[in-house]
Amino acid sequence: MRLALIAALFLAGTALAPATAQQTNPALGSRVDKLEKEMRAVQRKVFPGASPQYFEPEIAPPQAPPTPEGIPATSPVADLGARVDTLEKELARLTGEMEQNSFKLRQIEETMAKFKGDAEFRLNALEGGAPAGATLTVPPAAAPAPAPAAAVPKPAPAAPPAAARPTAPSGDPAEDGYLAGYRLWEARKYADAAAVLKDVVAKYPKHKRASYAQNLLGRAYLDDGKPAMAAEAFYANYQKMPRGERAADSLYYLGQALVQLKKPVEACKVYEELQDVYGATLNEALKARVAKGRTDAKCA
């Protein structure tokens, strides 16, 4: 039976080859039809300009009918098998590209969701609201301030090297003002240091040293036994300059100030915010201080 069918295929010529092949192997013909339909659907969805080898154009010039040339080089079944292989490979390639695009789209959506969350938090902070999932209660400056807890460590901020603290003006008033405030803080003249640092922040809010000065202002209040004022200063640095070089430090010290104010729950929320926003960029020293702060506040 098989030899008779093959002989009939050869005698029919190329004009009747596809029809005969489909009659010989109807399952193979069904696969071809199914794959061609799927390929057209994928092409219309993803690649509108796909190769005309697989997809007929909307408008095409009329073609002359093919001229039979005798016995075909290969059997119709082999031709259909080659078409099926080609279509399956092309469909697999397009499916892989679609999966890659879907993965990249999910990554973009996750990044945008995180960015939206950060933006909403900062907008809520600027408007005086509380961020979602964490209520940061910053007490007013007029609240009574208890004495600083003796167990709370007070690591000194990164001090500029001796060569970076000239006695003569450097020509940059913001830099000179910050260094003057730092020297006063270093000499334990906290009130004088606070006055100088507040002036630097007020006059040069866009300067690189503004974040340094605002953070050191909070340190001066904290070391002077005024944790409520320190909390306001630290929170203002994070609120107004979240990308400043001392914003992460200010969040850590805000937690320390809240611990001194007997508000460990709020302190734990601050430490969580610090990890969420700056966790990937924290240096090892600050990571260690945050871990100790969480332990001291008995955070879960």
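Nothing in this text is a laboratory measurement; each read-out follows from the coordinates by a stated rule. Computed from a prediction, not measured in an experiment: that's the story for all the values here. Neighbour counts are summed over all protein chains in view; Cβ atoms, including those assigned to glycine, are modelled from backbone coordinates with ideal geometry.
Which of the lysines could be linked to LYS262 by a straight reach, that is with a Cα gap under 21 Å, when you skip same-chain ones fewer than 8 residues away?
Candidates past the 8-residue exclusion: LYS154, LYS226, LYS292, LYS298.
List the aspartates and glutamates whose alpha-carbon lies under 14 Å from that of LYS263, not counting same-chain residues fewer than 8 positions away?
Cα-Cα hits under 14 Å: ASP296.
Nothing charged except the Cβ atoms of Lys and Arg (+1) and of Asp and Glu (-1): what's the magnitude of the dipole of region 213-292 about its Cα centre? Round to the nearest 20 debye.
Numbers: 11 positive and 10 negative charges, 19 e Å.
Dipole about the Cα centre, nearest 20: 100 debye.
Which value, in debye to the nearest 20, describes the size of the charge dipole of region 162-296 about its Cα centre when Lys and Arg Cβ atoms bear +1, Asp and Glu Cβ atoms bear -1, and nothing else is charged?
For region 162-296, the charge dipole is close to 60 debye.
What nm distance separates the two modelled labels at LYS262 and LYS116, each placed 7 Å from Cα along Cα→Cβ?
In this crude spin-label approximation the distance works out to 4.2 nm.
By a straight-distance test (C-alpha under 15 Å), which aspartates and glutamates pair with LYS114 as possible cross-link partners, with residues fewer than eight away in the same chain excluded?
Qualifying aspartates and glutamates at Cα under 15 Å: GLU273, ASP276.
Beyond a 24 Å Cα-Cα separation, which of these cross-linked pairs lie in this structure: LYS189/LYS287; LYS198/LYS240; LYS116/LYS198?
Where the Cα-Cα span goes over 24 Å, the pairs concerned are LYS189/LYS287; LYS116/LYS198.
Which whole-Hz couplings ³J(HN,Hα) result when phi for each residue of region 272-289 is put into the Karplus expression 6.51 cos²θ - 1.76 cosθ + 1.60, θ = phi - 60°, listed in order with x for Gly and Pro?
Values per residue, Gly and Pro as x: 5, 4, 4, 5, 5, 8, 10, x, 6, 10, 6, 7, 5, 5, 5, 4, 5, 5 Hz.
Can you tell me how much longer the chain between ALA300 and ASN283 gets when fully stretched, taken as 0.36 nm per residue apart minus their C-alpha distance, in nm with one decimal?
3.8 nm
Order of 181-191, 81-91, 252-262 by packing, highest average Cβ count within 10 Å first?
252-262, 181-191, 81-91
Roughly how many nanometres apart are two label points built 7 Å out from the Cα toward the Cβ at GLU186 and ASP172?
1.7 nm
Pop a pseudo-label 7 angstrom from the Cα along the beta-carbon direction at both LEU91 and ARG40 and give the gap in nm to one decimal.
1.4 nm
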